[in-house]
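Reading through the structure tokens given below for one structure.
Where a number appears in this text, it was derived from the coordinates with a stated rule and is not lab data. Just so it is clear, the model here is predicted, and its values are computed rather than measured. Glycine gets a Cβ as well: all are built from the backbone with ideal geometry, and neighbour counts include every protein chain shown.
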Amino acid sequence: MPSVRDLRDRIRSLKNTQQITKAMKQVAAAKIRRADALQKQSRPYADAIGAMLRDLIANVGSVDHPFMKPGREGAPGGVILMTADKGLAGSFNANLIRSGEIHGRENANLAWYSVGIKSRNSLRRRGADTLQFWALSQGVMFENAQELARRVTDDFTSGKISSLTLISPKLVNMMTQRPEVRQILPIAAEDSEKKASAGSVEFEPSPEFVLGRLLPKYLEFTLYSAMLETNASFYAAQLVAMNNATDNAKKLIDQNTVEMNKARQAAITKEILEIVGGAEALKG
């Protein structure tokens, strides 16, 4: 049985840990509010650009753009694995990395783009062919998304990759963040097409010209939106993890306090018995 001193040191250590997890919980709660606000502010633009893209595809007879054509046959498929830069968020990063590993086993000949330090470390351990790395929370996120979009666009149009798949989290709610695997390039016309009413929108100089300018912006904002959602999902997962850690620390403190009181009472009882035994021995 641990001594009273050992239990007291253990309780002190747990209290220090509880203070850290409580502080991290408060930081995560503040950051999730900002991240969620940014994500909500971006939704109207995402809805508008998606609706315009569908309207354009519905009004264009033939689409002559690299994003709408199959990639070069025989080229590896490009995959963006998007995780957080830091840990202490439960199984958030592990679930995304596991989804990437499953996708890698199901599809041969892949080239990877890593977004997030945890993603980069995982791909290095696996020895995967990583084309480039971007940190999620370092620098300006929109500029990182623009750079990522330019790189994958150049690789796709030059035939270095034949397709582009994004593995990123989907923020269902504060308690649930689900990994999502979706193909971004090439864009299938039948997936985006929704017949609009004839003549509802007029495009100048032509729908084909506007579509050619819109598709790169659509890719750019899709990646930026995924980064925002990954950031918000990470802080949501960290908030839940730190809340659970704080509660568990409290339970352990209570358990160790009960054990310490029992050990202290046992020590006091033992000393009393020794004193009584000594006194009886002197009388004898």
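Taking Lys and Arg as +1 and Asp and Glu as -1, the other residues whose beta-carbon sits under 14 Å from that of Leu7 total +3. Most simply put, the stretch 42-238 has about 40% antiparallel DSSP beta bridges, counting only bridges with both residues inside it. As a rough guide to protection, the peptides 46-56, 231-241 ranked by mean Cβ packing within 10 Å, highest first, stand as 231-241, 46-56.
The residues packed around Leu148, meaning those with a beta-carbon under 13 Å from its beta-carbon, carry a net charge of -3 if Lys and Arg are +1 and Asp and Glu are -1.
The mean sequence distance of close C-alpha pairs (under 8 Å, at least 6 residues apart), as a share of the length of the chain, puts its relative contact order at 32 percent. Can you figure out the FRET efficiency of Arg105 with Ala188, using R₀ = 22 Å and their beta-carbon distance, to the nearest 0.05? Efficiency computed from Cβ-Cβ geometry: 0.35.
Note on the chain: with a GNM built from Cα contacts shorter than 10 Å, the maximum mean-square fluctuation among Glu73, Glu271, Glu220 falls on Glu271. Could you calculate the FRET efficiency of Asn95 with Ala135 from 1/(1 + (r/R0)^6), where r is the beta carbon distance between them and R0 is 25 Å, rounded to 0.05? Result of the calculation: an efficiency of 0.80.
If a spin label sat at a point 7 angstrom from the Cα of Asp247 along the line to its beta carbon, the backbone N atoms of the stretch 92-135 nearer than 18 Å would be those of 92. Between the alpha-carbon centres of the stretch 12-48 and the stretch 70-144 there is a gap of 23 Å. With a Förster radius of 45 Å applied to the C-beta separation of Ile49 and Lys22, the computed FRET efficiency comes to 0.65.
Nearest 10 degrees, 0 to 90: what angle lies between the long axis of helix 92-106 and the longest principal axis of the chain (Cα atoms)? On a 0 to 90 degree scale, this one is about 50. The shape of the chain can be summarised by an equivalent ellipsoid whose semi-axes, obtained from the alpha carbon gyration tensor, come to 59, 20, 13 Å from longest to shortest. Scattering from the stretch 1-156 was approximated by placing one identical point on each alpha carbon and applying the Debye formula without solvent; log10 I(q)/I(0) at 0.13 1/Å stands at -0.87. Over the stretch 63-141, the pair-distance histogram of Cα-Cα distances with 10 Å bins from zero comes to 17, 44, 27, 11, 1 percent, rounded to whole numbers.
Between helix 207-283 and the chain there is an angle of about 10 degrees, using the helix long axis and the longest principal axis of the Cα atoms. Extension gain, Phe142 to Arg178, is 10.6 nm, computed as 0.36 nm per intervening residue step minus the present C-alpha separation. As a rough guide to protection, the peptides 156-166, 104-114 ranked by mean Cβ packing within 10 Å, highest first, stand as 156-166, 104-114.
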